[in-house]
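A short reminder: the numbers here are calculations on the coordinates, not readings from a lab. Model, not experiment: these values are computed from the prediction. Ideal geometry is used to build each Cβ from the backbone, glycine not excepted, and the neighbour counts take in all protein chains shown.
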């Protein structure tokens with residue numbers, strides 16, 4: 001008698017977003033940040049339902065012997081209640097590390113563990129070259145449409161030490177599953193390369209009275225420096241790494257105070273050779289009918305005064321890159337301004353004379369390499385194609401060498 005084959009018809013249904021990204025006892029949303037010296041410390045954040053947790057860290061080896069040599073670092077843990085339900089946020093700050101050295105670590109509660117992840121500390125030399133990735137707004141359809149971009153960026157820059165996210169990481173800063181998509185899109189990249197985000201306006205969702213508040217997800221999920229304006233900890237901050245001072249300004253609030261803080265910071269002695277700023281709202285916009293004149297008039301004189309080298313922004317969902325610019329008549333040199341977008345949400349472009357290169361309807365990531373003499377900047381499309389490039393050569397003033405490829409600019413309006 002032939003064996004009977006039973007086929008069970010099952011009605012398909014979409015798994016709810018909160019169910020997909022629900023917290024469990026297994027650590028997830030693991031991410032590396034810097035809250036201290038990049039050469040000797042690392043910060044690790046993660047989420048689970050466990051009451052507490054800890055990290056284990058060891059020098060990386062060529063074989064599997066590191067677990068027996070790992071040291072334990074207890075986490076600071078606190079409630080992490082969202083629209084998806086309760087969880088716990090965990091954070092460890094690990095110090096006493098060797099500069100420019102590979103380490104392995106894992107996080108968990110003693111029973112439920114992450115995999116062993118590997119990262120490399122920064123060099124303690126101001127003359128050591130450093131490479132990093134910069135991306136604008138991921139924001140919408142993150143897992144579906146942004147994953148390939150951040151993964152392609154890693155493919156082009158596997159030795160990058162950090163990633164700058166120029167705001168609007170998600171669309172609705174209090175919707176937990178959107179953060180789940182953001183973490184899932186980059187996956188283990190977040191566990192191996194430090195992230196340095198700056199907040200966008202979508203990290204400031206409005207309440208029932210239409211008053212905007214900074215999302216509580218930010219400080220539960222990231223561990224960033226608290227060396228900026230008091231009350232803006234971990235959103236306005238700076239990090240010095242390998243001859244570069246990286247400064248995050250929170251362009252959503254208290255802009256005047258941050259301008260005063262920036263002026264004082266850049267007036268202090270022993271400033272690194274290069275100064276790169278990131279904030280969300282560009283002071284030169286490539287999008288139609290979008291201009292931040294008040295912010296430009298407030299901050300650009302400070303940037304000119306201190307000859308800031310480069311500003312990396314998002315918000316306007318197009319690409320626009322300047323030549324060296326200054327708001328001061330007769331001043332030579334100036335600052336390089338860049339606006340970029342990595343997610344699928346695209347705005348209409350307004351091509352203006354200040355732009356050396358522009359793009360519409362294009363998802364991009366940027367790979368930036370810095371050494372004492374120059375900065376090499378490359379903007380690449382989601383497929384990895386070179387779209388824009390330049391070198392900024394250090395001097396008094398800096399000298400710009402445009403290396404724009406011969407491919408035509410993508411200036412068409414985004415599809416409706």
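Plainly put, the range 336-416 has a radius of gyration that is 0.99 times its Kirkwood radius, both from alpha-carbon atoms, as the Rg/Rh ratio.
This ranking places 26, 133 by how few other beta-carbon atoms lie within 10 Å of each, fewest first, which gives 26, 133. Is the shape of the range 207-353 rounded, prolate or oblate, going by the alpha carbon gyration tensor and its root eigenvalues a ≥ b ≥ c, with a/c under 1.5 for rounded and a/b larger than b/c for prolate? Because a/c hits 1.5 or more and a/b fails to exceed b/c, the range 207-353 counts as oblate. Build a GNM of the chain with springs between Cα atoms under 10 Å apart, and of 79, 124, 207 the one that fluctuates most is 207. Centre-to-centre, using Cα atoms only, the range 218-258 and the range 161-198 are separated by 16 Å.
For the range 130-402, give the share of DSSP beta bridges that are antiparallel, in percent and rounded to the nearest 5; count only bridges with both residues there. Given both bridge residues lie in the range 130-402, the antiparallel proportion sits at roughly 65 percent.
Helix 293-305 and the longest principal axis of the Cα set of the chain meet at an angle near 70°. Entry for the range 257-315 at q = 0.14, 0.18, 0.27 Å⁻¹: log10 I(q)/I(0) = -0.41, -0.65, -1.26, Debye formula applied to identical alpha-carbon scatterers, no solvent contribution. Relative to the dominant Cα principal axis of the chain, helix 255-267 is inclined by about 70°.
The C-alpha atoms of the chain define a longest principal axis, and helix 147-156 lies at about 70 degrees to it.
Over the chain, DSSP H runs of length four or greater, each weighted -39,500 (n - 2.57), average out per residue to a 222 nm ellipticity of -4000 deg cm²/dmol.
Legend: ranking of residues 198, 41 from fewest to most surrounding C-beta atoms inside 10 Å; resulting order 41, 198. Place a label point 7 angstrom from the Cα of residue 213 along the Cα-to-Cβ direction, then list the residues of the range 244-276 whose backbone nitrogen is under 17 Å away. Of the residues in the range 244-276, 253 have backbone N under 17 Å from the label point off residue 213.
Taking 378, 391, 19 as the candidate residues, the one with maximal mean-square fluctuation in a Gaussian network model of the chain, Cα springs under 10 Å, is 19. Approximating the spin labels as points 7 Å out from Cα along Cα→Cβ, the residue 270-to-residue 289 distance works out to 5.1 nm.
In terms of its alpha-carbon gyration tensor, the range 122-250 comes out oblate; a/c meets the 1.5 threshold, while b/c is at least as large as a/b. Relative to its Kirkwood radius, the Cα radius of gyration of the chain gives an Rg/Rh of 0.99. The alpha carbons of the range 24-120 give a radius of gyration and a Dmax of 13.5, 43 Å, in that order. The distance between label points at residue 411 and residue 230 comes to 5.1 nm (points 7 Å beyond Cα on the Cα→Cβ vector).
Packing here is the average count of other Cβ atoms within 10 Å per residue, and on that basis the peptides 112-119, 323-330, highest first, run 112-119, 323-330. Sorting 270-276, 303-309 by their mean Cβ neighbour count within 10 Å, with the most densely packed peptide first, gives 303-309, 270-276. Within the listed set 215, 313, 278, the Gaussian network model of the chain (springs between alpha-carbon atoms below 10 Å) gives the highest mean-square fluctuation for 215.
Please find the FRET efficiency linking residue 394 to residue 113, where r is the Cβ-Cβ separation and R0 is fixed at 51 Å, and quote it to the nearest 0.05. It comes out at approximately 0.65.
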